[in-house]
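See below for the structure under consideration.
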Amino acid sequence: MTVADKRNRACAKLLADVHAITATEGITPSTLHALKLKLVALAGKAALFPPADFAMPLAEGRNHPLLVEDNDGHGLYLAISLPGKEAAPHDHGIWCVNASVSGRERHRFFRRTDDLSRPGHATVEQVGEVMLAPGTGMAMADHDIHSTEVVGDDPAVSLALYGYALARFPSVAWYHPRFGSVRTSPSRRHAAMA
Amino acid sequence: MPRTARSYRVTIANVGRTIDCAANQTVLEAAVAAGIDFPYTCATGNCGTCCSRLDAGKVALLPRSDAALGPQQKKAGLTLACRARPRSDLAVTWLGRGGR
């Protein structure tokens, strides 16, 4: 059995386990924690994710689908981000779980503090921070807000599990503390589901 | 005494305005600070909403996603305003509004 075969089998088992949990318990803080532990365990099997099997980013960041389920299911990816890659605070609109394979990525968590009365305007404040490194992971509920930043001189490689595949993502809200603004990306769900 | 970053002149063709942009500032940051309604969404090189044609000048690009600006687009003279710091006076034209 090749490494790719073993990887596919392990990813398929992970998704089966995820469905077994969510189908009976739904998405709650405790189930997200359970999913995180499972993803951290899979990410710990670094031999299943040899760098040679995945193209490095041409620019700075890239997602490799590992096993994306049909019928509007979850999306599982290997994310590779080069040093310095960042993402402003954003809300996916759907839950996600990350687990580090190698490298370090800082995740900062925020909460929105304005009263939503002015379209396009928003303020957020930081409420937490996690450094993702091998052996660690993080989980976010549907509308949690986080930012990311690759730290150090090595690429950050992680497994990312989302409630929907990226191609079927809902609108993502991006918050910009420096501008006092919020901008939303269009939802991909209607086009993808048509 | 703190050193002030060198500043360049950036012309944004869509609105016919020329603004100052420091060498350690992105074109998008300078445009928003100048009150220009430059299109953007993520502002960190992930979505490509601020994709612009670099009509003149040189920029240094901060980290970004392959999906937002690939090598072919860069070769074709496109840039991301949210990732582009000026290295000379510039002229840019944003290409659209909304996400890609």
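Values quoted throughout were computed directly from the atomic coordinates according to the rules given, and no laboratory measurement underlies them. The model shown is predicted, which means the values in this text are computed figures rather than measured ones. Heads up, the Cβs are rebuilt from the backbone with ideal geometry, glycines too, and the neighbour counts pull from every protein chain shown.
Take the residues of the stretch A:143-177 that are touching a His at 6+ places or on another chain (Cβ under 8 Å) and of a type in the set (A, V, I, L, M): which is nearest to A:F49 (Cα to Cα)?
A:L161
If we scan the stretch B:47-56, do we find a residue that is touching a strand residue (DSSP E or B) at 6+ places or on another chain (Cβ under 8 Å), assigned to a strand (DSSP E or B), facing chain A (nearest Cβ under 10 Å) and surrounded by fewer than 23 Cβ atoms within 10 Å (Cβ to Cβ)?
So far as the stretch B:47-56 goes, no, none of its residues is touching a strand residue (DSSP E or B) at 6+ places or on another chain (Cβ under 8 Å), assigned to a strand (DSSP E or B), facing chain A (nearest Cβ under 10 Å) and surrounded by fewer than 23 Cβ atoms within 10 Å (Cβ to Cβ).
Quick one: in the stretch B:57-100, which of the residues that are among the β-branched types (V, I, T) and surrounded by 19 or more Cβ atoms within 10 Å (Cβ to Cβ) is farthest from the other protein chains (Cβ to nearest Cβ)? Show your work before the answer.
So the first thing to find is which residues in the stretch B:57-100 are among the β-branched types (V, I, T), and the list is B:59, B:79, B:92-93.
When the remaining residues are screened for being surrounded by 19 or more Cβ atoms within 10 Å (Cβ to Cβ), the result is B:59, B:79, B:92.
Values: B:V59: 14, B:T79: 12, B:V92: 18 Å.
The extreme case among them is B:V92.
May I ask you to list the residues in the stretch B:1-46 that are of a type outside the set (K, R) and part of a strand (DSSP E or B)?
Of all residues in the stretch B:1-46, those of a type outside the set (K, R) come to B:1-2, B:4-5, B:7-8, B:10-16, B:18-46.
Once the filter is applied, which keeps residues that are of a type outside the set (K, R) and part of a strand (DSSP E or B), the stretch B:1-46 yields B:S7, B:Y8, B:V10, B:T11, B:I12, B:T18, B:I19, B:D20, B:C21, B:A22.
Quick check on this structure: which one of A:A160, A:A139 is farther than 23 Å from B:D37 by Cα, in a strand (DSSP E or B) and within 14 Å of chain B (Cβ to nearest Cβ)? Please lay out each step first, then the result.
Working: A:A139 fails: within 14 Å of chain B (Cβ to nearest Cβ).
Result: A:A160 is the single residue among A:A160, A:A139 that is farther than 23 Å from B:D37 by Cα, in a strand (DSSP E or B) and within 14 Å of chain B (Cβ to nearest Cβ).
Any idea which of A:H121, A:H64, A:H90 is within 14 Å of chain B (Cβ to nearest Cβ), free of Cβ contacts under 8 Å to residues at least 60 places away in the same chain and out of contact with any Lys or Arg (no Cβ under 7 Å at 6 or more places or on another chain)? Don't jump to the end; show me each part of the working.
Values: A:H121 fails: free of Cβ contacts under 8 Å to residues at least 60 places away in the same chain; A:H90 fails: free of Cβ contacts under 8 Å to residues at least 60 places away in the same chain.
Of the residues listed, the single one that is within 14 Å of chain B (Cβ to nearest Cβ), free of Cβ contacts under 8 Å to residues at least 60 places away in the same chain and out of contact with any Lys or Arg (no Cβ under 7 Å at 6 or more places or on another chain) is A:H64.
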